[in-house]
Structures are given as C-alpha cells and as structure tokens.
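Just so you know, all these numbers are worked out from the coordinates, no wet-lab data involved. Quick caveat, the model's predicted, so the values are computed rather than measured. Note that each Cβ is placed from the backbone with ideal geometry, even for glycine, and that neighbours are counted across all protein chains shown.
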Amino acid sequence: MPSDWALEIMHQAPYITVSFTRPDGTAYGVPLSLASINDKEWYFHCAPEGDKLDAIAVHPEVCLSAVTKCAPTIGPKDGSFTLQYRSAIAFGRAEIVTDEAEKIQALRAISQRFLPRHMAAFDDAIRRSLHRTTVVRITLSAAPAGKRKEYDREGEEMKFGRME
C-alpha cells in the first residue's frame, strides 16, 4: 500500500509499537501513544529514566509498527482461517527532546490526539509535570510502508494497493 495510506494507519492506530535495541543487544518492543505534527517526526513521552532511554542512548535506531482493523476471519472463498488487518511499518532515529517549546508542542499533540476533550486542563498539567516528563522525537528515515489483508463485498481479497 502507498506511504500516504500507511501514514493514515499510523494516525488511526490506538498505539504504535516501538521496537528498540537494549544496550546488551536484546530486543525491546513496547506499545506507545505516539502523535505527529508533520508526519516525519513522531513523539512519545515517558519517565526520565528506564529501558527506552537506556536503549536510545546506545542504539537510537527504532522500528515503528501500527495495526488497525485487526479481525480473525474465515476466507470467504476458500474457508481458510485468516486475519484481516491494516498495518504500517516505519524506521527512524529516536532522540530526547531538550528544547522546552518543542516538548510542550509534542505533549500538546499527544494530548490533542488522545484526550481532545480535556485540553482545557493541558496548561495546568504542563505546569505540574513538565519538569519530570521526558519527550522523545522519532524522525522517520523513510516514508512508512503499508500492508493489509481485506476482502471486498464479493469475497475477493483486495491486493496490490486496490482500494475499496
């Protein structure tokens, strides 16, 4: 699927799993609530210490994976057990945001995406917790790729970028 389709999946997914490489070389993947302001940079927030930051310090390269509309199903034509889904994958470089204005902008984007009805409380929350919140920016190294398995109304699998 085209990269603009994959970006839409990333915007729709309730979380995006970010995979890191720990300092000892082992893998570490965790679902996070990411938001983007410009589709090239994605942000998440975390505590000022922990596995994610330890991994980024040594191996800043990460992989993002998002899935929506995931549903086990029976193939309509052949009765096969399968899974319908829409997914996106992207690669990027993670770094801690040190500029306070960018931190606030990123936290605003995250809050707007996940708690839009509570934005009136945003400024108070920033005053209370900005000093103890770390924000990480992931800059995508290339446009994301998309993949899906879906069936049309006639039971045909929609392949090779075919839209509804």
Sole miss for E102 among (1) charged (D, E, K, R); (2) under 14 Å from the mean Cα position of the chain (by Cα); (3) part of a helix (DSSP H, G or I) is condition (2)
Report yes if A109 is small (G, A, S), out of contact with any Asp or Glu (no Cβ under 6 Å at 6 or more places or on another chain) and over 21 Å from P14 (Cβ atoms), otherwise no.
no
Looking only at the range 59-68, decide whether some residue is touching a residue at least 12 places away in the same chain (Cβ under 8 Å) and assigned to a helix (DSSP H, G or I).
no
Please specify each residue of the range 10-29 satisfying the condition of being within 15 Å of C63 (Cβ to Cβ) and surrounded by 14 or more Cβ atoms within 10 Å (Cβ to Cβ).
M10, A13, Y15, I16, T17, V18, S19, F20, T21, R22, Y28
Yes or no: I37 aliphatic (A, V, I, L, M), closer than 12 Å to R137 by Cα and surrounded by fewer than 19 Cβ atoms within 10 Å (Cβ to Cβ)?
yes
Go over the candidates E156, E95 one by one and state the one that is touching a residue at least 60 places away in the same chain (Cβ under 8 Å) and of a type in the set (D, E, K, R).
E156
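Here's the yes/no breakdown for (1) buried (at least 16 other Cβ atoms within 10 Å of the Cβ); (2) in contact (Cβ under 8 Å) with a residue 12 or more places away in the chain; (3) touching a His at 6+ places or on another chain (Cβ under 9 Å); (4) closer than 24 Å to R153 by Cα:
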site: E41; (1), (2), (3), (4): yes, yes, no, no
site: H45; (1), (2), (3), (4): yes, yes, no, no
site: K52; (1), (2), (3), (4): yes, yes, no, no
site: I74; (1), (2), (3), (4): no, no, no, yes
site: F81; (1), (2), (3), (4): no, no, no, yes
site: D99; (1), (2), (3), (4): no, no, no, no
Which of the numbered conditions does T82 fail, given that it passes all the others? Conditions: (1) under 29 Å from Y28 (Cβ atoms); (2) part of a strand (DSSP E or B).
(1)
Please specify each residue of the range 85-96 satisfying the condition of being surrounded by 16 or more Cβ atoms within 10 Å (Cβ to Cβ), of a type outside the set (F, W, Y) and out of contact with any helix residue (DSSP H, G or I) (no Cβ under 8 Å at 6 or more places or on another chain).
G92
Only one of I126, I138 is crowded, with 17+ Cβ neighbours inside 10 Å and in contact (Cβ under 8 Å) with a residue 60 or more places away in the chain. Can you tell me which?
I138
